[in-house]
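*Asks:* Can you keep this structure in mind? I'll have questions shortly.
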C-alpha cells in the first residue's frame with residue numbers, strides 16, 4: 001500500500017462531461033466501451049461516479065453505482081499512467097467506496113489487480129472470459145425472436161431480474177435503446193426465454209447482456225443479434241466461465257478467448273445463476 005504523496009488531490013462527483021472524458025480514457029486503455037455507454041450509465045446513480053483531480057486535470061476515476069438497497073457495483077477504477085504509484089487511486093477509492101453503504105459490492109477485476117482487491121475485502125467468485133472474433137453464420141432464421149419494444153420492456157425486465165441482483169427496469173429502458181443498438185427478446189408460447197443486446201463499440205460490436213434458458217435459445221438470439229454484421233466485423237462477449245454452454249456457443253460461432261477478468265464480491269454473494277448467463281451486461285456496471 002503506497003503512501004499518498006499528493007494531498008492536493010480533490011475527489012468529487014463527476015459531471016456528464018467528466019465521465020465522457022473518463023470513457024475516452026478507458027478507450028485509450030483498451031477497454032473497448034460501447035458508443036453512448038456513458039450517457040446510459042450516469043442516470044443509474046448520478047452520485048456514484050467520481051473523479052480525482054490535480055488542479056483542473058482528471059487523474060483518477062472510479063464508479064460505485066448503487067443498483068438497489070442491497071447491491072452496488074464498482075468499476076472504472078483508473079489512474080493516469082504517469083501518476084501511478086503515488087496512492088492516488090487508493091485515496092479516490094477511500095473517498096468513493098462509502099457511497100455503497102452496507103450493500104454487497106461486486107466488481108470485475110483484471111488479473112493483475114486481484115490481490116489488491118482481496119486486501120480490500122473482496123473474494124473471487126468466478127472468471128469471466130472475453131470471446132472475440134468474426135461470428136460464423138448459422139444460416140437459419142428462427143421464429144420467436146422480436147425487437148424489444150416498449151410494450152415488451154416489463155416482461156424483459158422481469159426476466160432480467162432472475163439474472164441480476166437488483167431490479168433495473170429504468171436502466172434497461174436506456175441500455176436497450178438508441179442509435180446502432182439492437183435488442184432482441186425470444187418468446188415461446190408468449191413467455192420470455194431469453195433476451196440480448198448488441199451495440200457498436202470502439203472496436204467492432206459488443207453483445208451484452210445475453211441471458212437465456214438454454215444454449216439453443218442463446219444461439220438463436222446470438223444469431224439474430226449478429227445477422228446484420230458484415231463479414232469483416234468483429235463481435236465481443238464477456239461470458240461467465242461457470243456456464244460451459246456459453247463457451248460452446250462461442251466456439252461454435254468461431255470466436256476465441258485470450259483474456260479474462262475475475263468477478264469478485266465484498267459481502268454476501270448474490271444468488272444469481274452465472275451458469276445460465278451467456279454474456280454479462282458490461283464489466284463496468286455488472
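Laboratory data are not the source of any read-out in this text; all were calculated from the coordinates shown. Quick caveat, the model's predicted, so the values are computed rather than measured. When we count neighbours, we look across all protein chains shown, and the Cβ atoms used for this are built from the backbone with ideal geometry, even at glycine.
*Asks:* Given the Cα-Cα distance of residue 269 and residue 149 and 0.36 nm per residue of separation, how much length would full extension add, in nm?
*Replies:* Extending this stretch completely gives an extra 39.9 nm.
*Asks:* I want to make sure I understand the PRE zone here: with the label point 7 angstrom from the Cα of residue 25 toward its beta carbon, which residues in segment 83-102 have backbone N atoms less than 17 Å away?
*Replies:* Hits in segment 83-102 for residue 25 at 17 Å: 83-97.
*Asks:* To the nearest µm²/s, what D does Stokes-Einstein give for segment 189-258 at 4 °C and 1.567 mPa s, using the Kirkwood radius over alpha carbon pairs as Rh?
*Replies:* Translational diffusion coefficient: 103 µm²/s.
*Asks:* Regarding segment 113-161, what are the three Cα extents along the principal axes, ordered largest first, in Å?
*Replies:* Each principal axis gives a Cα extent; for segment 113-161 these are 49, 32, 14 Å.
*Asks:* Using mean Cβ contacts within 10 Å as the protection proxy, how do 217-224, 36-43, 53-60 order, highest first?
*Replies:* Working: 217-224: 24.4, 36-43: 19.4, 53-60: 15.4.
Packing order, densest peptide first, comes out as 217-224, 36-43, 53-60.
*Asks:* Provide the convex hull volume over Cα atoms per residue for segment 50-188, in Å³.
*Replies:* 188 Å³
*Asks:* Report Rg/Rh for segment 130-279, rounded to two decimals, where Rg is the Cα radius of gyration and Rh the Kirkwood radius.
*Replies:* 0.94
*Asks:* So what is the relative contact order for the chain, in percent, with contacts set as C-alpha pairs under 8 Å and at least six apart? If you can, show how the numbers build up before the last one.
*Replies:* Working: 567 pairs, mean separation 65.8, N = 286.
For the chain, the relative contact order is 23 percent.
*Asks:* What are the extents of the Cα atoms of segment 10-102 along their three principal axes, listed from largest to smallest and rounded to whole Å?
*Replies:* Result, largest extent first: 37, 30, 21 Å.
*Asks:* Modelling each spin label as a point 7 Å along the Cα-to-Cβ direction, I'd like the residue 120/residue 137 distance in nm, to one decimal.
*Replies:* For the pair residue 120/residue 137, the computed spacing is 4.6 nm.
*Asks:* What spacing in nm lies between the two simple spin-label points modelled at residue 112 and residue 187, each 7 Å away from Cα in the Cβ direction?
*Replies:* For residue 112 paired with residue 187, the spin-label model returns 4.8 nm.
*Asks:* In the P(r) worked out for the chain, what percent of Cα pairs fall beyond 29 Å?
*Replies:* Roughly 32 percent, once rounded to a whole number.
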